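Here the structure is laid out as structure tokens; the discussion comes afterwards.
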Amino acid sequence: MSSAPSLAHQLLRRKPVEQLRAEAAEGVDGQPLRRTLGVWHLTMISVGATLGTGILVVLGTAVPLAGPAVWISFVLAGVAALLSALSYAEMAGAVPTSGSSYSYTYATMGEGIAWVCGWCLVLEYAVSVAAVAVGASEYVDETLRVFGLHLPAVLSAPPGDGGLVNLPAAALVLVAMLVLLPGAKESAWVNTLMVLVKIALLVFFVIVAFSAFRIGNFEPLAPMGAAGVSAAASRLFFSYIGFDAASTAGEEAKNPRRDLPRAIIGSIALITALYILVAVAAIGARSWTSFSADEASLVRIVVDVTGQPVVALVFSIGAVIAIASVVLTVLYGQTRILLTMARDGLVPKVFGRVSARTGTPIANTLIVGIVVTIVSALVPLGELADATSIGTLIAFALVNISVIVLRRTQPDLERSYRVPFFPVVPVLGVLFCLFLAVTLGAGTWIAFGIWMVAGAVLYVAYGRRHSTLA
């Protein structure tokens with residue numbers, strides 16, 4: 001009888017790319033996910049997970065840092081995001097599974113790093129869904145104010161914030177969970193409709209803002225200099241988080257090796273173009289000195305230009321739809337990450353069961369949805385939500401490293417897309433992610449450290465003993 005492998009051996013053992021591809025085709029217990037998503041759906045998943053509350057409030061915090069040059073900050077942040085997006089595109093084409101960066105690191109750096117990456121993704125997806133849902137309650141309340149109504153604090157805030165339960169946040173997560181249950185194709189169509197609505201909302205803003213455009217508002221262009229532009233770019237980078245959501249749909253894409261790279265790069269291009277257009281229009285319509293982090297800048301500009309306060313209703317409803325789209329797509333990504341980890345034995349098997357009728361992980365979706373609903377309803381997230389930034393940046397950095405490792409270890413592996421200017425692009429991607437991670441506050445690092453210790457305990461207590469990799 002052979003002895004169990006040592007911990008060091010388990011942490012370093014890798015899962016071959018060929019095995020990952022075979023498992024994706026076979027599914028769990030012979031029940032694969034249904035391949036129903038084309039490049040359009042995949043692109044909308046990434047756009048839906050990225051284009052949300054960020055652009056609706058980000059100008060108020062970024063403009064005071066960069067001045068009229070905030071649009072340049074968007075360009076810099078978009079380029080930084082593109083560096084990681086290109087690496088994601090190569091890995092998604094080479095390893096088209098639902099595990100995203102977790103699977104990529106499993107194939108290149110071993111089970112230990114894969115667990116770290118997967119645990120970071122659980123933090124990124126679950127906490128960010130709750131945080132975004134909590135933010136939705138403010139827009140719901142703003143919508144009700146147009147009709148002279150108001151949500152009492154007892155129903156719109158958790159106990160730590162002076163209330164009893166955040167009912168709008170809980171309701172939003174529950175609705176997203178129910179939408180995901182019938183199947184990926186059905187939920188993808190709902191997400192597509194919501195994405196189109198919020199794109200239309202931003203286009204409407206641009207049209208209104210350009211009607212009051214003044215070129216003089218761009219003078220001086222960078223009153224705080226290059227340092228201010230860079231500081232704003234670092235903050236704006238987090239408005240791009242979410243483009244990797246399409247990579248979690250690798251086992252439900254009709255042609256993942258062709259369509260995933262297109263969806264990832266296409267979503268970044270679309271989002272960056274929208275951000276820059278909105279920033280230019282906003283600065284042109286309003287002096288940069290009047291922007292504040294304490295107000296919804298886009299809503300205020302439209303009200304000032306049109307003179308019609310009722311537009312606040314339109315924008316508030318649009319904001320709720322934008323948030324709902326983010327909640328839906330990120331919750332989807334969370335369930336698919338856990339499904340892949342369950343297939344590898346690192347988390348309980350219940351997360352990997354796929355319904356023969358719907359072709360979706362129903363139990364997984366229900367468990368994740370209910371847990372996130374409770375968190376969003378009862379927990380004041382505060383600075384804990386910032387920990388999602390660390391989880392995201394570490395996952396991004398590991399994907400860039402995975403590209404380098406896989407190119408070295410399997411140079412002849414068939415790839416549907418290759419990162420240009422290798423290895424410069426992935427190296428720059430790693431450096432930029434590490435730079436942004438270092439700039440985060442000490443409280444965020446402490447919260448992240450606690451999370452990782454909990455993950456290490458879970459791996460040793462459960463994952464190590466149930467891992468399916470021989």
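The values are calculated or read from the model by the stated rules, or taken from the named source; none is laboratory data. Just so we're clear, the structure is a prediction, and the values are computed from it rather than from any experiment. Glycine gets a Cβ as well: all are built from the backbone with ideal geometry, and neighbour counts include every protein chain shown.
Evaluate the following for Ala107: is it touching a residue at least 40 places away in the same chain (Cβ under 8 Å), in contact with a Pro (Cβ under 8 Å, 6 or more places away or on another chain) and in a helix (DSSP H, G or I)? Spelling it out, Ala107 is indeed touching a residue at least 40 places away in the same chain (Cβ under 8 Å), in contact with a Pro (Cβ under 8 Å, 6 or more places away or on another chain) and in a helix (DSSP H, G or I). Among the residues here, Ala126 qualifies as in a helix (DSSP H, G or I), buried (at least 18 other Cβ atoms within 10 Å of the Cβ) and of a type in the set (Gly, Ala, Ser). Flag set for Leu277, criterion: under 15 Å from Val70 (Cα atoms) and either in contact (Cβ under 8 Å) with a residue 40 or more places away in the chain or assigned to a loop (DSSP other than H, G, I, E, B) (or both). Selection of region 345-402 for residues being within 29 Å of Gly110 (Cα to Cα), of a type in the set (Ser, Thr, Tyr) and modelled with pLDDT under 90 yields Thr360, Thr388, Ser389, Thr392.
Quick one: count up the residues across region 436-457 that are part of a helix (DSSP H, G or I) and in contact (Cβ under 8 Å) with a residue 12 or more places away in the chain.
Here the count works out to 10.
Restricted to region 293-321, and to residues there that are part of a helix (DSSP H, G or I), of a type in the set (Gly, Ala, Ser) and at pLDDT below 80, the residue that is nearest to Leu366 (Cα to Cα) is Ala319.
Look at (1) under 30 Å from Gly369 (Cβ atoms); (2) free of Cβ contacts under 8 Å to residues at least 60 places away in the same chain; (3) of a type in the set (Ser, Thr, Tyr) and you find that Thr329 fails only one, number (2). Which one of the conditions (1) more than 22 Å from the chain's Cα centre (by Cα); (2) modelled with pLDDT of 80 or more; (3) more than 27 Å from Met194 (Cα to Cα) does Ala342 fail to meet, given that it meets all the rest? It is condition (1) that Ala342 fails.
Filtering region 424-437 to residues that are farther than 11 Å from Ala80 by Cα, in contact with a helix residue (DSSP H, G or I) (Cβ under 8 Å, 6 or more places away or on another chain) and modelled with pLDDT of 95 or more leaves only Val427.
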